[in-house]
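Novice: Can you read through this structure? Questions will come right after.
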2 protein chains.
Amino acid sequence: MNALDKLKKKNEEGKFICVGLDTDINKIPTHLLKCENPILEFNKAIIESCSDFAAAFKFNFAFYERERFKLFETLIRSLEFIPENMLIIADAKRGDIGNTSEMYAKAILEDLQFDSITVNPYMGEDSISPFLRNQDKLIFILALTSNSGAIDFEKTKLENGRFLFQHVIEKINSWNQKKNCGIVFGATNSYELKENVEIFRDLPVLLPGIGAQGGSLTDVISTFIKANRKDYIINVSRSLIYKSNGKDYSEESKKEIISLNNLIEKLYNKENNG
Amino acid sequence: MNALDKLKKKNEEGKFICVGLDTDINKIPTHLLKCENPILEFNKAIIESCSDFAAAFKFNFAFYERERFKLFETLIRSLEFIPENMLIIADAKRGDIGNTSEMYAKAILEDLQFDSITVNPYMGEDSISPFLRNQDKLIFILALTSNSGAIDFEKTKLENGRFLFQHVIEKINSWNQKKNCGIVFGATNSYELKENVEIFRDLPVLLPGIGAQGGSLTDVISTFIKANRKDYIINVSRSLIYKSNGKDYSEESKKEIISLNNLIEKLYNKENNG
């Protein structure tokens, strides 16, 4: 199944939450520290408890680069616990000149077989195109991010009156020949999301910023319901995976994702009945 | 010695060439393939033959991510051959929300002890600030890159009539409290370099794009001589490290960097006498 089909199938099942594995040795329950590989142990438990309820899993690469020699070992071994037909995203924010982006694409989409990767558009088309060669992958390109720094450049106004992030989205639309482009749109920008949802109608959306960063799940869901769209996932990392610091951590994460799914279901039902 | 002092000392010695170790298993001399670790063998020979003539060494991280388990091993073992007081740059183009950039900064500037890293400004100030905490490091932030895609966003005109890359440079100036910011400016943009050299007077410059990408060494050097500046390095990768495909490869790379240094010396002498 290609990446977009995986995403759409989960959405049809009412699953919209992407579990972000930003696994930090300093934040996982301390009883795990006596395990041979605490991060792997943590990932395994979270994956196994949340798989039935998740739309996708996202690995934040920064958190695996700190492991030195064990970096890819833990990453690859974590991947083994994820069920088939689950969308797996490499949150790596890569992007460089053509021959270098090609190496990143090979490393992450071919060697590691990720379905999907996040990339940074700053350097323009030839820095993105090597990621777009395989139509079965899904490439989430940064548009408007969830952090405060989004105001510095992404929300800068251009000569034609548009914001930079809108210009980026328009370019992405023109690069989407193989229907394998998506965008990253921060859930903290609920006004901009509502105002722009039509200009990226053909681009699946990855929305970070719910939870620790303060974005509103209800706002996001309402916007997509009103736009009559089901091709998006909402990433939740810290507020889900670190829900408990005790031995019940994976149980508590499971309860949290179920509770998020229930809230989403209610919003959809309300809209259908209202 | 901090990163900026390393750079300035090399510049004072007439060394401006940064050797880019974009080491690709498919491009190194074939006789190396029988070595236990061909990439390490190649890096060792290039580092040893070029160290006396180089201003810096730059590791393109994309080329080391393809190695799976041996990734950091080859990278770390390569670093051991670089003499003390040489500026070592991680060309990683990282940048993410604050807590994630912090992990990248720890992995690359602390664990791996790189002097310097390239970062992507798209996500704004809080995505860059974790890299700027240590005043002894030198953070090269992308301004105007050497690739054709620079036209898509970096050269987009803003409402105030400035180009995005100029706005980025102005922001970097305001972030440069600890004097540890630099910029990446593509040598292929010789007109823009000449026109803008004054707006980044306090920012050391890393210039890629000479050689395989077609930028002119003479144009770059002339611009900096005219601006009376010595705080820049010119990256050369493919056209230097793959100069020969035979057993003489490191000898030929050495000849090439010496010839580039001689050309630079001539340009400086001509200016001083002319």
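The values are calculated or read from the model by the stated rules, or taken from the named source; none is laboratory data. All values derive from a computational prediction rather than experimental measurement. So basically every Cβ, Gly included, is an ideal-geometry build from the backbone, and we count neighbours across all protein chains shown.
Novice: Out of (1) away from every other protein chain (no Cβ under 13 Å); (2) surrounded by 17 or more Cβ atoms within 10 Å (Cβ to Cβ), what's the single condition that is false for B:S216?
Specialist: (2)
Novice: Here's another thing I want to ask about it. Of the residues in the stretch A:9-41, how many are farther than 22 Å from A:Y232 by Cα, away from chain B (no Cβ under 14 Å) and touching a residue at least 24 places away in the same chain (Cβ under 8 Å)?
Specialist: Going through the stretch A:9-41 one residue at a time, the tally reaches 6.
Novice: Scan the stretch A:94-135 for residues that are surrounded by 24 or more Cβ atoms within 10 Å (Cβ to Cβ), in a helix (DSSP H, G or I) and facing chain B (nearest Cβ under 7 Å) and jot them down.
Specialist: The answer is A:Y104, A:A107, A:S127.
Novice: Among the candidates A:L87, A:L112, A:L79, which residue alone is at pLDDT 95 or above and under 30 Å from B:D24 (Cβ atoms)?
Specialist: Exactly one of A:L87, A:L112, A:L79 is at pLDDT 95 or above and under 30 Å from B:D24 (Cβ atoms), namely A:L79.
Novice: Next question, about the same structure. Could you tell me which residue of the stretch A:136-166 is surrounded by the fewest Cβ atoms within 10 Å (Cβ to Cβ), considering only residues that are of a type in the set (G, A, S) and without any contact (Cβ under 8 Å) to a residue 40 or more places away in the chain?
Specialist: Only one residue tops the list, namely A:G161.
Novice: For residues that are surrounded by 16 or more Cβ atoms within 10 Å (Cβ to Cβ), in contact (Cβ under 8 Å) with a residue 24 or more places away in the chain, within 13 Å of chain B (Cβ to nearest Cβ) and not basic (K, R), tally how many sit in the stretch A:167-182.
Specialist: Total satisfying the criteria: 4.
Novice: Has the stretch A:71-79 got at least one residue that is assigned to a loop (DSSP other than H, G, I, E, B) and farther than 24 Å from A:G211 by Cα?
Specialist: The answer is no, given that none of the residues of the stretch A:71-79 is assigned to a loop (DSSP other than H, G, I, E, B) and farther than 24 Å from A:G211 by Cα.
Novice: Right, here's the next one. Consider A:L158 against the criteria (1) under 22 Å from A:D91 (Cα atoms); (2) facing chain B (nearest Cβ under 10 Å): it satisfies all of them except one. Which criterion is unmet?
Specialist: It fails just one condition, (1).
Novice: Moving on. Please verify whether the stretch A:210-217 includes one or more residues that are hydroxyl-bearing (S, T, Y) and modelled with pLDDT under 95.
Specialist: yes
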